[in-house]
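Read through the structure below, which is laid out as structure tokens, and then see the notes.
The values are calculated or read from the model by the stated rules, or taken from the named source; none is laboratory data. Just so we're clear, the structure is a prediction, and the values are computed from it rather than from any experiment. As a convention, Cβ positions derive from the backbone with ideal geometry for all residues, glycine included, and neighbour counts pool all protein chains shown.
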Amino acid sequence: MYSGGGKVFIAEDGRGWIYLEKDWDGGLLPNDLLEQAGVLSTGVELLTPKERAKLGGYYREGEFAVFLVDKNQFPSICKEEKRIFLGSDLNGWNPMEAPSEWEMKRMDQSWQLRLPWKEITEHSPFRFKFVSDDGEWLEPFCEFPSVKQDSNGVFNYLFDQRRTGSDVLVFEMVEEERNSNLKRWIKYRPEGKFGFFRDSNGLGKFRVFAPRAKKVDLLIYQNLDDNQQERYPMESDEDGSWSIQSKGQWENAFYMISITQQKSDSGNALFEKKILDPYARAAVGRNGPGIVLSDSDQIDRNNFFKPDPMKDLVIVEAHVRDLMEKAESLQASEKTSWFERLTNWISSKDCYLRELGVNAVELQPVQEFDSRSREEYHWGYMPVNFFCLESSYARLPQKASGVAEFRSLIRAFHDAGIAVILDVVYNHVGIPAHLMNLDRELYFRIDALGRLQNFSGCGNDLNCEAEPVRKIILDSLKYLVEEFDVDGFRFDLAELLGKDLLLEIEEELRKIKPGIILIAEPWSFRGRLPSSMSESNYSLWSDDCRESICRVIKEGNGTEEILRLMSGEMNGGSKPWKSVNYIESHDDYAFIDRIFSFSDSEIQSFPEKVIRKNRLALFLILFSPGIPMLSAGQDFMRNKKGHRNTYQNGELNALKYSDLKKYKTLHLEICRMIEFRRSDEGSFLRPEEKGDCEYLELSGFAENLVVLEVKEKMQSKHHLLVVNPSDEIHSICLPERWIGRECSISGRVVAPDFQMDEYSFLVLNKND
């Protein structure tokens, strides 16, 4: 089986390439890559080395790298009989200085240059291009995968020693039969249950929605040790579903669904695909098979955990493996699963999250995603099934142990008083794209040419306007709440779900759990959610808050932005809690990476100035109306050493609890801030409505200082917030009515006249 990765490229005419990360080993086709593009595994063949070289510039022949220019691609050059040279990083892009070394030999249909493979691979990877003797650079075929565009917009070939000429497969797109019924099924929402369930008579039943399939079979495997299967034809119904009555011996068996479709170019040609049931509630892995589970164990709604109101939440975003990878007290429990480790840790006295004092955790995706092995690290934002829990997080995935383990994990969080918000991805899917093989046109966004659209930036965008897709989304969300007592969801790239679906989700979930927490990432590469979303009960991630605080901290000023943030004006609207305020998430750089240059990768500790900047940034989100969200580890200087995207770098993402000890003072300060925010004294930071507090900016202070007096309308409480975002020390004289008041965070009494240190803050409270 091919174990390397790669990418699929599709041209407008339906042709495409599978560009592998390394040479194909000649074994089975890389089906996961084919699934990613919705390509049938027919008509796929390896491009010959010479044909690859015509498009990619080179191939390996024995101990030599052969660089090649095809005369048919450059007829004008061929006609004028010009001399051709290789320009590259190897010769400083000036081959004319040693023309004999870099001049290509004229052949019948090409120019070629042979260079020792061993010598040039020492410089791999490197860029190259071909140039004529009169200085004309030959532009490469820019659609070819190994042709890269630099920062100046120039296209060059790329030499990579892992690719010797057996790294490109070509194919022709093959589509399912297109017919007039497609629009009907897109607008039709199937009713009832799918997957395996028991009907009103207690009889087991399998049901799949595949209205355009020609044939559907249930495949039962009694064990995983062999590939033997029992095939059971399913019967079609007028509502587009296929079903079969279950037999008793199928309990706990492994199963797949066989879908037979009709090709678009022939009324007689059929093709078959085996898929993981979209409604399977457990799977051995991303490829399947699914596991036939007995009746689900729904939690009594009267016993549901009741999370704190939205306005009172303090959220920490965290990844299951990041939390546990370096948790010292649990290093010995290697036989336990990631779910079990986290459960045990949450229940322990030294749990970092319990000490931090947050009342909500936002777990990065736990639905089955496309990691290729249990060991492979992944953030989880490429889901392959919305009902199955990630099999690599379970101790015995072949026995569906993850179901009970995840239920125990949720219970442990609840026992600690922490609500669980799941980060869910319904805008696109990963590989293998099982829904692609169920019905590509029905479930995915495609353009007029039949190509997959990519507004997610990840490919395989789901068509969230199609009713069958909306049903899968709604059913899976209900399942997670009813079966596991999940408290809320954060919707990745929610703009692609659309306002109408998001509102329907809210309506349906509140019937099950009235206090459900709903958060949306309000953008995609297509646009942003409309401002009318403010009428809903969704809270939205605020990139405005993130960028404003980063500017303030980096530039050392920005009093107007701080005032907007601390008075709840940053995102408009009447309810401040509809804004999730953050300065760092899993995406992009960590905050420390944005304010510190990692020229020294072996840095032992951060300068005091950087620590103070981080402290101030966290203060700004914790002492502003809205919902503050921290990224786990921010309170002890978590960073990514200057790397922007670390979605597959577990070592870099793992929380280093040794740093928690190193930056203990900072950590404890953040704990006190969170404790204050959640206390009665800090209620002014959690207004329900914008008008619950009055905000008065005090004048007469240094230009860079922010001095804000807050009065709670319903109580006789006053609060003074002072912020110095600059790298200068300022003298400050308190107004008489604030003299002698204690600092709410440190507890010390502040003198009437004092020095306001750089990147510092002050909070005072008093009653009338």
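Would you check if Phe171 is part of a loop (DSSP other than H, G, I, E, B) and within 33 Å of the chain's Cα centre (by Cα)? Here the answer is no, as Phe171 does not meet what is asked. Taking the range 686-768 as the region of interest, the strands (runs of 3 or more DSSP E) fully inside it that hold 1 or more residues being free of Cβ contacts under 8 Å to residues at least 24 places away in the same chain and either in contact with a Lys or Arg (Cβ under 7 Å, 6 or more places away or on another chain) or basic (Lys, Arg) (or both) are 693-697, 706-712. Looking at Arg207, Arg163, Arg184, Arg178, just one residue is out of contact with any Cys (no Cβ under 8 Å at 6 or more places or on another chain), part of a loop (DSSP other than H, G, I, E, B) and at pLDDT 85 or above, and that residue is Arg163.
Contact map, the range 234-254: first residue in contact (Cβ under 8 Å) with a residue 24 or more places away in the chain and assigned by TED's automatic domain parsing to the domain that holds Ala210, second residue of a type in the set (A, V, I, L, M, F, W, C) and assigned to a helix (DSSP H, G or I), Cβ cut-off under 8 Å, separation 6 or more or different chains; pairs are Gly240/Trp185.
Selection over the range 525-559 of residues that are part of a helix (DSSP H, G or I) and modelled with pLDDT of 90 or more gives a count of 11. Restricting Lys578, Lys513, Lys554 to residues that are more than 26 Å from His414 (Cβ to Cβ), of a type outside the set (Asp, Glu) and in contact (Cβ under 8 Å) with a residue 24 or more places away in the chain narrows the list to Lys554. Residues that are of a type in the set (A, V, I, L, M, F, W, C) and either in a loop (DSSP other than H, G, I, E, B) or over 25 Å from the mean Cα position of the chain (by Cα) (or both) within the range 390-403 comprise Ala394, Leu396, Ala400, listed in sequence order. Considering Lys471, Lys513, which residue is modelled with pLDDT of 95 or more, surrounded by fewer than 24 Cβ atoms within 10 Å (Cβ to Cβ), closer than 23 Å to Phe209 by Cα and basic (Lys, Arg)? Just a single option satisfies the conditions, and that option is Lys471. Regarding Arg374, is this residue surrounded by fewer than 21 Cβ atoms within 10 Å (Cβ to Cβ) and either touching a residue at least 24 places away in the same chain (Cβ under 8 Å) or not in a loop (DSSP other than H, G, I, E, B) (or both)? Taking the combined requirement at face value, the residue does not satisfy it. Mind checking whether some residue in the range 326-338 is in contact (Cβ under 8 Å) with a residue 12 or more places away in the chain, crowded, with 20+ Cβ neighbours inside 10 Å and within 23 Å of the chain's Cα centre (by Cα)? Yes, the conditions are met somewhere in the range 326-338.
Hey, among Asp415, Asp492, which residue is surrounded by fewer than 22 Cβ atoms within 10 Å (Cβ to Cβ) and out of contact with any Lys or Arg (no Cβ under 8 Å at 6 or more places or on another chain)? The conditions single out Asp415. Within the range 103-160, the set of residues being at pLDDT below 90, buried (at least 18 other Cβ atoms within 10 Å of the Cβ) and outside any strand (DSSP E or B) comprises Pro140, Phe144, Pro145, Ser146.
I'd like the residue in the range 435-461 that is free of Cβ contacts under 8 Å to residues at least 40 places away in the same chain and closer than 19 Å to Gly498 by Cα and, out of all such residues, is surrounded by the fewest Cβ atoms within 10 Å (Cβ to Cβ). So, considering only residues that are free of Cβ contacts under 8 Å to residues at least 40 places away in the same chain and closer than 19 Å to Gly498 by Cα, the one surrounded by the fewest Cβ atoms within 10 Å (Cβ to Cβ) is Asp447. Sort through Ser699, Ser726, Ser658, Ser631 and tell me the only one that's within 24 Å of Leu540 (Cβ to Cβ) and of a type in the set (Gly, Ala, Ser). Exactly one residue qualifies, and that residue is Ser631. Pairing residues of the range 492-509 that are touching a residue at least 40 places away in the same chain (Cβ under 8 Å) and of a type outside the set (Val, Ile, Thr) with residues that are in a helix (DSSP H, G or I) and surrounded by fewer than 23 Cβ atoms within 10 Å (Cβ to Cβ), at Cβ distances under 7 Å and at least 6 apart in sequence or on separate chains, gives Ala494/Leu502. As a summary of the residue check, Ile674 satisfies the conditions (1) assigned to a helix (DSSP H, G or I); (2) surrounded by fewer than 18 Cβ atoms within 10 Å (Cβ to Cβ); (3) of a type in the set (A, V, I, L, M) except for the one numbered (2). Per the listing Gly202, Gly288, the residue uniquely surrounded by 12 or more Cβ atoms within 10 Å (Cβ to Cβ), in a loop (DSSP other than H, G, I, E, B) and on the phi > 0 side of the Ramachandran plot is Gly288.
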